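Everything below concerns the one structure shown next.
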Amino acid sequence: MKTIFTGIVCALSLAVAATASAAPSGYPAPMITAPVTAGQMSVLAGNTRPEANAANDEGVVADALPLEHLLLQLKRSPEREAALQALIGEMHDSTSASFHQWLTPQDFAQHYGVAQRDVAAVTAWLQGAGFTINGVAASGLTIDFSGTAGQVRAAFRSEIHRFRVGGVEHIANASDPMVPTALLPVVSGIVSLHDFRPRTQQVRRAAHPAYTYTNSNGTFHALVAGDLATIYNLKPLFQAGLTGAGQTIMVVEDTYLYSTRDWSTFRSTFGLTRYQHGSLTQTSPQGALHCANPGFQGKSSDPGYGDDGEAIIDVEWASAAAPDAAIVLAACTDTTTTFGGLIALQNTLNGPVNALPSVVSISYGEAEAANGQSANLSYYYAYQQADAEGVSVFVSSGDEDAASDDVGNPAAHGIGVSGFTSTPYNVSVGGLDFGYTALGVPASDYWSAKNSSTYSSALSYIQEIPWNDSCAGALLASFLGTTPLGLCNSPQVAGTGSDATLSFLANAIGGSGGPSGCALGSPSVSGVVSGSCRGYAKPSWQNGLLGVPADGVRDIPDVSLFAANGIWDAYYVVCWSDPNTDPIVGGGFSCNGAPSTWAGFGGTSVSSPIMAAIQALVNQRTGSRWGNPDNVYYAMARQEYGYSGSSSCNSTTVNKTSNGCVFYDVTQGDNVGACTSLSKAKIYNCYLPKGDTYGVLSALNWLSLPAYPTGTGWDFPSGIGSVNAYNLVMDWPVF
């Protein structure tokens, strides 16, 4: 342990660039130097949704349509950005006097925002255009304003149209907005001018699941809290009193729960009520940005789906991994064009310092190329501020294999990752599955035939593979006796009518991972990494780990946990009693008695709050907050994997009941999705032989380079790998 500790200290010290002074210093200088006139306008490129196209257009909305609580995203100067990046680096350098000297929200606003003179110039222009100013963040980086579609058209030279997408009517700007050229030094853009909501990163199961049950199709296993504690070695932490006491885990939502009784039932059924400090609170954080209490929102912009299913997953499984922690569900009502969760996060980070959570989990996502440059920047800034304030942010990597823009459908827009998870200031949490069936190992090696009194049946850590529901996955195709292309183009998958018994495998559903490609810039092809698109630069802490590509950009995920929805038989149990949410899956799951009738889920929506809760255990043991803990994760992984990997920590061959591994290296499987052409003449990252219906997602169109396989060390499907929670917490450096 001493050798590991010394190595990590050295790695942390080398991972950041030295600066002359780490304490907050300097103030924002004004950047607007020219008169603000409507005669000289410039385009804010990269801020139009891919769905806002002629094929979906149903015409312009009425000028009087109200657009309430729009968010204008401003940007700090390059000098202030460089100073903040340097300071955050020093905060993570154990040899620096600024190590863990986190900023208060007040310090952050004072030193790393926008000059008040510039804010005044921008607000004056907005007011002159007829808009109402509802509030301005203390840093000046975000302005809450309201108006009408007509005022947006006149001021930003962008019409708001109605678009019908998938049978649902939306509103969105039909072209990129414009602003006076004089404002370009400080205005990034409007966070959004549309009502396309971010996607929850969870996949539901159609059949009623159970903890362990058998029917004519075989035996199925669904994880309960005790299984999680066994598989990821949480039990000895709980026995040592490391249960999350004194820690606050905030989950970011846009709805309250259908019933808080579901959380209580989950805890009592699975034996968590013996941890008496665990609590659940629902709140709508107030601040400069308008935050309305959403109450229960059982509907969303997607037909038949409500975000309350996401909310209950987050609070229950965070509590399962840190049963004595205070779980805070922070939610604001979605405005006409803004995700309520972003408002809740920003108000929290700009609020009282004693209200800052230890960790945050976010289970929503949107492809970088679809989210747009301004919205991407808003999440970058929020997570960066969280890191500077010592708050750890965990974000689902996504549930679309390596093709986030296609929402799990066969990939037509090529390789892309979510802009919610690709910043250098958050932990991106990927998704895994259990590999025993795919690799020919009896399930009885890992599961007891009988359940405990709290319904657990896992016997040990279980070997893992990437979660991948697609016909393009090599393990699934091999299991069915064919190749990915053979399976995807078989009559059972690509056929029609009664022949297409496996048509559900024609997808790109699984744990997401890939390179940041369009966090900045503007795509030339809507929704595709193209044009002036570019990804976030690779953070220093991600360099030097075996397997991390030398691609110069941020790669995701960082770590992964089980997130499957049953493709190889296992998934998560959730107490979710909302009777009116999903007519396709079926609502009204009973939470009475044994969980044989409870809801079942998979998705990185579940792995993210669990990993956030494990970090809360780290914080409890060390008595400190850690900001973005990727700095330490990667340092520990470099120690474990070295130059050639660790055969003793390979997920498939590791000693399943006793080992010294912090991470389990996942080396079999992939997150390759099925793909197709965007149009007859346009193919992006798709190896699609002539005459085939579906191809496999590939780094090249003309050569099969699957995106992406696992490998030794870090890889796109699993990141560093999964974790042994006890070893992670106990080997964590304490300064």
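The values are calculated or read from the model by the stated rules, or taken from the named source; none is laboratory data. Because the structure is predicted, anything quoted here is derived from the model rather than measured. FYI the Cβ positions are ideal-geometry reconstructions off the backbone, even for glycines, and counts take in every protein chain you see. Note: areas computed on protein heavy atoms with side chains; ligands, DNA, RNA excluded. Shrake-Rupley method; radii C 1.70, N 1.55, O 1.52, S 1.80 Å.
A few points about this structure:
- Helix content alone sets the calculated 222 nm mean residue ellipticity of the chain: runs of n ≥ 4 DSSP H residues at -39500 (n - 2.57) each, divided across all residues, give -7000 deg cm²/dmol.
- Compactness of region 467-619 as Cα Rg over 2.2 N^0.38 Å, two decimals: 1.34
- Applying the Karplus relation 6.51 cos²θ - 1.76 cosθ + 1.60 with θ = phi - 60° to region 526-538 yields 3J(HN,Hα) values of 4, x, 10, 5, 6, x, 8, 4, 8, x, 5, 5, 5 Hz, where x marks Gly and Pro.
- The residues neighbouring Ala474, those whose beta-carbon lies less than 13 Å from its own, together hold a net charge of -2 under the Lys/Arg +1, Asp/Glu -1 convention.
- Shape category assigned to region 450-516 from the gyration tensor of Cα positions, a/c cut at 1.5: prolate
- Per atom type, region 490-564 shows carbon and sulfur on 57% of its accessible surface, probed at 1.4 Å.
- Distance between the pseudo-spin-label points of Asp107 and Ala62 (7 Å out from Cα toward the beta carbon): 5.2 nm.
- The stretch between Ser524 and Gln116 holds 143.4 nm of extra length on full extension. This uses 0.36 nm per residue minus the Cα-Cα distance.
- Peptides 148-157, 405-414, 247-256, 674-683 ranked from most to least packed give 247-256, 405-414, 148-157, 674-683, packing being the mean of other C-beta atoms within 10 angstrom over each peptide's residues.
- Estimated FRET transfer efficiency (Ser647, Ala681; beta-carbon r; R0 30 Å; 0.05): 0.05
- Put simply, the Cα atoms of the chain extend 74, 63, 50 Å along their principal axes, the longest span coming first.
- Surface per residue (accessible, 1.4 Å probe) for the chain, Å²: 33 Å²
- Residue-span extension gain [Phe99 to Ser42] - 0.36 nm each, minus C-alpha spacing: 16.4 nm
- Taking packing as the residue-averaged number of other Cβ atoms within 10 angstrom, the listed peptides 160-167, 724-731 run from highest to lowest as 724-731, 160-167.
- Considering only Ala616, Gly552, Gly241, the residue lying farthest towards the positive end of the dipole of the chain is Gly241, judged by Cα position with unit charges set on Cβ.
- Leu193 long-range amide H proximity, modeled H, under 5 Å: Asn173
- Nitroxide proxy distance, nm - points 7 Å out along Cα→Cβ at Ser444 and Lys656: 1.3 nm
- Stretchable slack from Asn354 to Asn134, in nm (0.36 nm times residue separation minus alpha-carbon distance): 76.7 nm
- Listed peptides 395-402, 571-578, 621-628, 346-353 appear in the order 395-402, 571-578, 346-353, 621-628 once ranked by packing, highest mean of other Cβ atoms within 10 Å at the front.
- Calculated log₁₀ intensity ratio I(q)/I(0) where the Debye formula runs over C-alpha points of region 373-444, q = 0.18, 0.22, 0.24, 0.26 Å⁻¹: -0.78, -0.95, -1.03, -1.10
- Gyration tensor (alpha-carbon) shape descriptor, region 372-529, a/c threshold 1.5: oblate
- Loop chymotrypsin sites (Phe, Trp or Tyr not before Pro), region 347-418 (other Cβ atoms within 10 Å of the site Cβ: 16 or fewer; DSSP): none
- Value of relative contact order over region 160-199, rounded to a whole percent, pairs C-alpha under 8 Å and six or more apart: 39 percent
- Cα-based shape type of region 605-719, given that a ≥ b ≥ c are square roots of the gyration tensor eigenvalues and the cut on a/c is 1.5: prolate
- Other residues within the sphere of radius under 9 Å centred on the Cβ of Ala411, judged by their own Cβ, net out at -4 (K and R +1, D and E -1).
- Local electrostatic count at Trp102 - Lys and Arg +1, Asp and Glu -1, tallied over other residues with Cβ under 14 Å: -4
- Förster-model FRET efficiency, 25 Å R0, Arg621 and Ala537, C-beta, rounded to 0.05: 0.15
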